[in-house]
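These notes are about the structure you will find just below.
The values are calculated or read from the model by the stated rules, or taken from the named source; none is laboratory data. Quick caveat: nothing in here was measured; it's all calculated off a predicted structure. Here the Cβ positions follow ideal geometry from the backbone for every residue, glycine too, while neighbour counts run over all protein chains shown. We work out accessible area using only protein heavy atoms, side chains counted, and drop any ligands, DNA or RNA first. Shrake-Rupley method; radii C 1.70, N 1.55, O 1.52, S 1.80 Å.
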Amino acid sequence: MSLLAADGPACHFLGKGLILQRMIPTRRRVPKAMTAMRAVKVLTAMVMALGLAGCATVYNLPLNEPSANPIGDIITRAAASETRGNRQALSEGSVIALSFSGGGTRASAFSFGVLEQLRRTPSPGAGRDLIDHVGMVSGVSGGAITAAYFGLKGHAALNDFREQFLTQDLMSQLRTDASLVNISRALGGGANTDEKLRQWFDEHLYHGATFGDLIARGRPITLINATDIYNRTPFLFVPPTFLALCSDLSRYPIAAGVAASAAVPGAFAPIVVEAFPEQCKTPLPPEIEKAANDPTGSPLVHSYAQSLQRARNGGVKYVKLLDGGLVDNYGLSGITIALGLSGMPYGPLQPREALNMRRLLFLVVDSGRGPSGNWTQTIEGPTGKDLISAVVDATIDANTRSSYAAFEASMTNWREQLVKWRCSLKPADVARLRGQGGPWNCRDLKFIIGRVSFDQFDAERARKLNAVPTSFTLPADTVDELRQAGAEALKANPMFQAFMKEAR
């Protein structure tokens with residue numbers, strides 16, 4: 001019995017819901033005496049687990065540290081990243097942004113296949129690969145594992161990610177048995193702390209790297225998304241968030257951020273991040289204060305800014321984090337928030353990048369599972385686990401669709417702001433910021449937005465991919481099927497094809 005495996009006796013979390021123990025038996029035709037006996041056993045187990053839960057409190061300790069000079073830390077890191085050569089790809093006019101959904105190793109493998117196909121695709125007229133044009137990557141849960149590794153290592157990540165993560169047995173390192181002890185721990189906070197998960201990520205992937213190392217790389221901008229379960233908002237591991245906490249993001253382990261993004265409720269106790277407002281005299285940036293005090297603006301940005309205010313004024317001492325898919329399984333909310341709080345029309349890009357960009361392709365790599373179950377074929381149901389799963393999935397999917405709509409609106413607004421800013425510059429400023437002369441059209445800026453997903457395939461293949469469990473342990477042949485599917489889905493994607501046509 002497993003608390004985590006999607007094909008085990010526990011209701012799974014698809015990167016978009018809660019782990020809930022399958023304690024309500026499936027309806028079957030069984031003798032009444034057996035049904036009564038089973039009900040007694042179930043109720044007894046529930047009472048015992050609830051009793052033990054009062055004794056078992058499971059929690060994580062915060063790992064973040066206070067920062068005496070958060071703004072200085074951020075400026076230093078940003079200045080260092082400006083000298084990196086990996087910004088060069090964005091000066092060619094074509095920029096790619098990616099968002100990797102949640103969904104365990106299934107999502108990690110499918111998104112990895114997309115990256116592999118980008119490396120195999122030549123960049124039109126540049127003599128390089130399209131993967132060099134990736135300027136931003138966002139990730140949730142299983143997608144966050146891939147996003148963070150690619151953000152940290154770039155091209156090199158594609159050489160060993162399969163062996164270091166995709167074909168490894170991460171599940172064996174965690175408490176996954178649906179034993180009475182683990183159920184009581186789950187009810188007491190979570191069956192697992194984040195310690196083993198962080199250590200495993202560090203040993204196999206991140207090797208002690210911190211978010212400071214990500215910032216210093218410059219590109220791609222990497223967004224790791226978790227859920228702030230008190231404020232009911234996304235939580236972004238980005239400088240503005242930690243500035244509000246008066247904490248030093250540059251020293252925070254990447255493994256800890258990814259663990260927070262993948263912390264399935266019930267399977268893991270919430271990851272804890274501490275606020276240090278008493279040690280920070282720097283006011284919040286004006287764009288955060290403005291967004292927090294403007295209820296007529298974007299509800300998503302407004303709520304996030306308010307959560308930062310609560311941390312700064314002492315209303316929230318310990319931020320509690322769980323899987324990012326709870327509020328947005330696409331990882332798009334983080335991008336909407338980053339754009340809303342950037343404070344500059346070209347943010348999060350640098351001025352030179354914003355001036356040279358002509359085409360932006362933004363692809364959501366969606367590994368979420370579609371509707372499942374056969375209870376729609378009978379007048380009865382859903383009941384028990386199917387009912388709980390249906391309610392959770394409906395809520396999370398609705399949040400995801402809302403985040404996609406908000407994202408599309410924010411991208412439209414961002415393009416308008418960019419064009420307005422570009423066209424307001426004087427010719428001398430344009431030449432200086434672009435770093436080159438020659439013809440240039442301030443309005444020549446096109447955004448292409450699309451989704452790469454299982455439903456691009458025929459019904460039979462989509463059904464097979466959807467049936468892959470969201471466990472963090474998959475057979476090697478299944479991993480390779482998902483990689484191949486990601487590559488094929490990207491290659492055949494209409495928005496990707498339109499981008500390639502524009503780029504030529």
Express in Å², to the nearest 10, the accessible area of Lys426 obtained by rolling a 1.4 Å probe over the protein heavy atoms while all chains stay in place.
-> 140 Å²
Taking the simple approach of a point 7 Å from Cα along Cα-to-Cβ for both Thr378 and Met344, what is their distance in nm?
-> 6.1 nm
Percent relative contact order of the stretch 391-504, based on C-alpha pairs within less than 8 angstrom and at least six residues apart?
-> 24 percent
Would you kindly find the accessible area of Glu481, with a 1.4 Å probe and non-protein molecules such as ligands, DNA and RNA excluded, rounding to the nearest 10 Å²?
-> 80 Å²
The FRET efficiency for Asn413 and Leu180, from their Cβ-Cβ distance with R0 = 41 Å and rounded to 0.05, is 0.20
Links that overshoot a 25 Å alpha carbon limit, given the list Lys446/Lys491; Lys281/Lys317; Lys196/Lys320; Lys153/Lys320; Lys426/Lys501; Lys464/Lys491 = Lys153/Lys320; Lys426/Lys501
Long-range amide H partners of Ser247, meaning residues 5 or more apart or on another chain whose placed amide H is closer than 5 Å, are Ser67
Residue separation times 0.36 nm, minus the C-alpha to C-alpha distance between Asn441 and Ala498: what's the value?
-> 18.4 nm
Sorted by accessible surface (1.4 Å probe, heavy atoms of the protein chains only), largest first, Arg232, Arg175, Arg106, Arg463 come out as Arg232, Arg463, Arg175, Arg106
Order of exposure, largest accessible area first, which applies to Ile388, Ile96 with probe 1.4 Å = Ile388, Ile96
Give me the accessible area per residue for the stretch 144-249, probe 1.4 Å, as a whole number in Å².
-> 33 Å²
How far is it, in nm, from the label point at Asn159 to the one at Tyr230 when both lie 7 Å from their Cα along the line to the Cβ?
-> 4.4 nm
Run the accessible area of the stretch 211-349 with a 1.4 Å probe and give the carbon-and-sulfur part as a rounded percent.
-> 56 percent
Output the relative contact order of the stretch 189-344, whole-number percent, from Cα pairs under 8 angstrom with separation of 6+ residues.
-> 31 percent
Carbon and sulfur together cover what percent of the accessible area of the stretch 365-504 at a 1.4 Å probe radius?
-> 53 percent
